[in-house]
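Below is the structure I would like to discuss, written out as structure tokens.
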Amino acid sequence: MTTVIRTEDVWKTYSLGSPRQVDAVKGASIEIPKGVITGIGGPSGSGKTTLLSLIGLLTKPSKGKVFIEDKELSALSEVFRTKFRRERIGFIFQAQYLIPQLTATENVAIPKLCTDTSRGEAERLAREKLSGLGLGHRLDFRVAELSGGEQQRVSIARSLMNSPEILIADEPSSSIEEALTKDLLATLREMVDRDELTVIVASHDPLVLGWCDRLYTMRDGEIVIQ
Amino acid sequence: MGVQKHSNLASYALGNVLKYRTRSAALLIGLVFATTLLCSTEFIREGLMVDLTASLDEGPDIVVQKLVGGRQTSIPIDWKENVSSFSGVRLVTPRTWGYTDIGNGKLLTIMGVNATEYGSILDSIGTDIVGIGRFLEESDTRKMVVGQGIVDVMAAAGNPRYVGVGARLSLITYDGELIEFEVVGVFSSDSKIYSYDMVLTDINSAAAVLGYDNSTCTDLAIWAEHGSNVNAVALQIDNGIPQSRVLTRDAIRDIMMKTYGDRAGIVALLWSVILMSVVLLAFTASTAGSDEARREVGLLKALGFDTIDILEIRMFESVSISLLGASLGISLAIIYDFYMGAPGLAGYILGWSLVLLNGGIPLVISIPTIFTVYAVALVPILVATVVPAWRNAITEPDTVLRGV
Ligand SMILES: Nc1ncnc2c1ncn2[C@@H]1O[C@H](COP(=O)(O)OP(=O)(O)OP(=O)(O)O)[C@@H](O)[C@H]1O
Ligand SMILES: [Mg+2]
């Protein structure tokens, strides 16, 4: 099994002005293999979201390194990290971050707007992704008019717009009920099996964690169980 | 390559303008208001400058007044001989002028001159100063050449009267009597405000209306010899006649420009205050400043937008609102000034009650003014939205992973 992402003793310290400092992640070293679902569990405040930010190149570690395919991407400049995210990483955020005034299609099309794909083409692709997730009948609804589960699927559709190799999902089941969570997990599983997608999921939902192929557990910023 | 992306960003930005409708509208209204005010002031100010220059060109090189105790008083006409004797003086002619009523509460300027002397100068300047009819002649008495404003105001009166050559108009004298005049000509001049509300007549008729003794006048108008130094001539007169106040054309220009310039300046100041509030509004309410906007920036960055892309979006937003606002403002100013005669503002800037009708306001639109208005509307809004956007855009987008 090839390792896609590897962290080497990464730390993330948020300083709120000394002496008030929060070590959100303390020396985490993990390996994420390609084409499987890796779960990150642990209680609230244990550093799961922070670790995902580091892996997803949304922030730089205070100490340590993040490798993707053996390249130390955490050391790269903002511009390169952004380009990498744009081309290869999909995100499902803890809060879904949809723009309520825009329609489902418009929301999903956003990641393509900073590329040379035409808006029309981006929206066509967005409709295709949404239909694939069973939202073909909600394409032109504003997301504010959609149910929680539907919004969740819009968010997933958006994360797939750049056909990512790596999908990072933070608490994907937080706003949906059990049946929908199962649907979601089935969808993820299908994509992993079909496209060799690498998925990293942070959650404290046992249902989600139970589906993962591999599991890390965090406590107080540290990886405690692998 | 890359064009498609810019068009995507522009259309996204335009979507934002529509999405945050209330804020866009508030900004737009503020901008329209500010640019309308600035523009209408500028049109008048520039028109005034052009007009004043024209009237000064038609006027004398030097004006001599008499001061008693620091106040201007009437001049004995026999000063004329004295002034004529200074070297470099080509012509000296007495003028008697002041303000009078035509019975409707509107004041107009009455100017009495020596027809032959004045006429010869005007001919030599080459100004085609009388449009209809003729100029005054030496033997004329109780005859007048009137400005277009008098024609306009009589035509607009309750019972309209067409004032043309041959018409008879009565002026109210200083002691309440009526004196009837016959119109012999109507001015057509580059200088609108100078001649618009003016009645030109012989010096004795003017003296009768204004209550001057026939041996005195208001001031002496002097034209210098061609090629002589006007300042040197003025200095000689000033030194030679201690009671005189000598004003050269440049000095008169300075006084006039200062008077009008200051008034326009106050309006411009007012305008800047308004503009500042627009900027403040833009700051507090802008896409760039709010939490919602900060989250949007974080989201876009997480999804792969570069800092520069985000700035471009914000720029498109501000530019579209500013250009629209400034264009509407300029259009409104044109309507307000040119079609409505700038009610309120014109009277304030011109600063006199002599303005008769809309036609009397000098207006000029110039490319630099329009350009300035666009620039002034654009730059603050651009700064107010792009700077906070830039500050958001350079921060790490990891905050989007959190629900705040
Ligand atoms: N920007 C920040 N500034 C300061 N402290 C922060 C910041 N972000 C996170 N923290 C702190 O870091 C710690 C870990 O936060 P994190 O969001 O990674 O936890 P989590 O495991 O995702 O929790 P949850 O399950 O509730 O989402 C928390 O104590 C939090 O207060
Ligand atoms: Mg979290």
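In peptide A:105-117, what is the residue-averaged number of other protein chain Cβ atoms found within 10 Å of each Cβ?
5
Just name one of B:24, A:226, A:73: the one whose Cα is farthest towards the positive end of the charge dipole of the protein assembly as shown (beta-carbon charges, Lys/Arg +1, Asp/Glu -1).
Working it through, the farthest residue towards the positive pole turns out to be A:226.
Report the one residue of B:62, B:231, B:36 whose Cα lies farthest in the direction of the positive end of the charge dipole of the protein assembly as shown (charges on C-beta: Lys and Arg +1, Asp and Glu -1; origin at the Cα centre).
B:36
Restricting to Cα atoms and excluding each atom paired with itself, what does the Kirkwood estimate give for the range A:1-114 in Å?
15.7
Binning at 10 Å from 0, report for the range B:1-120 what percent of all alpha-carbon pair distances ends up in each bin.
That works out to 9, 19, 21, 14, 10, 9, 11, 8, 0, in percent per bin.
Working only with C-alpha atoms, what are the Rg and Dmax values of the range A:3-225, expressed in angstrom?
17.3, 54
Provide the solvent-accessible area of residue B:291, counting protein heavy atoms only and rolling a 1.4 Å probe, rounded to the nearest 10 Å².
90
Follow-up question, since we're still on this one. How many Å² of accessible surface get buried when A and B come together, counting both sides, probe radius 1.4 Å, rounded to the nearest 100?
2900
What does the charge add up to near residue A:102, with Lys and Arg as +1, Asp and Glu as -1, over the other residues with Cβ less than 12 Å from its Cβ?
With Lys, Arg at +1 and Asp, Glu at -1, the neighbours total -2.
Which lysines, if any, have their Cα less than 25 Å from the Cα of residue B:80, not counting same-chain residues under 8 positions apart?
Of all the lysines, those that pass the test against residue B:80 - Cα under 25 Å, at least 8 places apart if same chain - are B:66, B:143.
Positive end of the dipole of chain B, charges at C-beta (+1 Lys, Arg; -1 Asp, Glu), about the Cα centre: which of B:388, B:198, B:252 has its Cα farthest in that direction?
Farthest along the dipole direction, towards plus: B:388.
Assigning unit charges at the beta carbon (Lys, Arg +1; Asp, Glu -1) and nothing else, what dipole magnitude in debye, to the nearest 20, does the range A:1-79 show about its Cα centre?
Result for the range A:1-79 is approximately 220 debye, rounded to the nearest 20.
Restricting things to alpha carbons, find the Rg to Rh ratio for the range B:75-217 using the Kirkwood radius for Rh.
0.98
Counting just the Cα atoms, what span does the range B:65-123 cover along each of its three principal axes? Round to the nearest Å and put the largest first.
Extents along the principal axes: 46, 37, 15 Å.
So, taking all protein chains as they sit and a 1.4 Å probe, how much accessible area belongs to residue B:390, in Å² rounded to tens?
The accessible area of residue B:390 comes to roughly 120 Å².
Next question, about the same structure. Which value, in nm² and rounded to one decimal, describes the direction-averaged projected area of the C-alpha convex hull of the protein assembly as shown?
41.7
Follow-up. How many percent of the accessible area of the protein assembly as shown is carbon or sulfur, using a 1.4 Å probe?
Solvent-exposed carbon and sulfur of the protein assembly as shown make up 57 percent of the total.
Ok, one more. How well do other chains shield peptide B:2-9, expressed as the mean number of their Cβ atoms within 10 Å of each residue Cβ?
Rounded to a whole number, the mean comes out at 4.
Counting just the Cα atoms, what span does the range B:149-229 cover along each of its three principal axes? Round to the nearest Å and put the largest first.
52, 33, 20
Rounded to the nearest 10 Å², what accessible area does residue B:252 show when all protein chains are kept and the probe is 1.4 Å?
Here the residue's solvent-accessible area equals roughly 40 Å².
Enumerate the whole-percent occupancy of each 10 Å bin, from 0 to the last occupied one, for all C-alpha pair distances of the range A:6-49.
24, 46, 24, 6, 1
On to the next question. Report the far tail of the P(r) of the range A:89-158, meaning the percent of Cα-Cα pairs longer than 14 Å.
52
At 1.4 Å probe size, with every protein chain present, just tell me what the per residue accessible area of the protein assembly as shown comes to in Å².
43
Here's another thing I want to ask about it. Mean Kyte-Doolittle hydropathy of -0.5 or higher plus an axial Cα length of 18 Å or more: which whole DSSP H helices in chain B meet both?
Length and hydropathy pass: B:3-19, B:21-58, B:249-285, B:307-334, B:367-393.
Treating the beta-carbon of each Lys and Arg as +1 and of each Asp and Glu as -1, no other charges, what is the dipole magnitude of chain B about its Cα centre, to the nearest 20 debye?
In total the dipole reaches around 1540 debye.
For the range A:3-225, give the magnitude of the charge dipole about the Cα centre (Cβ charges: +1 Lys/Arg, -1 Asp/Glu; no others), in debye to the nearest 20.
For the range A:3-225, the charge dipole is close to 520 debye.
Counting partner chain Cβ atoms within 10 Å of every residue's Cβ in B:89-98, what's the average?
Mean shielding by partner chains, rounded to a whole number: 0.
Once chain B is represented by equal point scatterers at the alpha-carbon sites, with solvent omitted, what log10 I(q)/I(0) does the Debye formula produce at q = 0.06, 0.10 Å⁻¹?
With one equal scatterer per Cα and no solvent, log10 I(q)/I(0) is -0.40, -0.76.
Then there is this: Just to check I understand the Karplus step: with θ = phi - 60° and J = 6.51 cos²θ - 1.76 cosθ + 1.60, what whole-Hz values come out for the range A:167-172, glycine and proline as x?
My calculation for the range A:167-172 gives 10, 10, 10, 9, 6, x Hz in order.
Under a 5 Å amide H to amide H cut-off, with H placed in plane at 1.01 Å, what residues pair with residue A:116 once short-range neighbours are removed?
none
The values are calculated or read from the model by the stated rules, or taken from the named source; none is laboratory data. Quick caveat: nothing in here was measured; it's all calculated off a predicted structure. Note that we place each Cβ from the backbone using ideal geometry, even for glycine, and neighbour counts take in every protein chain shown. Just the protein is used for accessible areas: all its heavy atoms, side chains included, with ligands, DNA and RNA removed. Shrake-Rupley method; radii C 1.70, N 1.55, O 1.52, S 1.80 Å.
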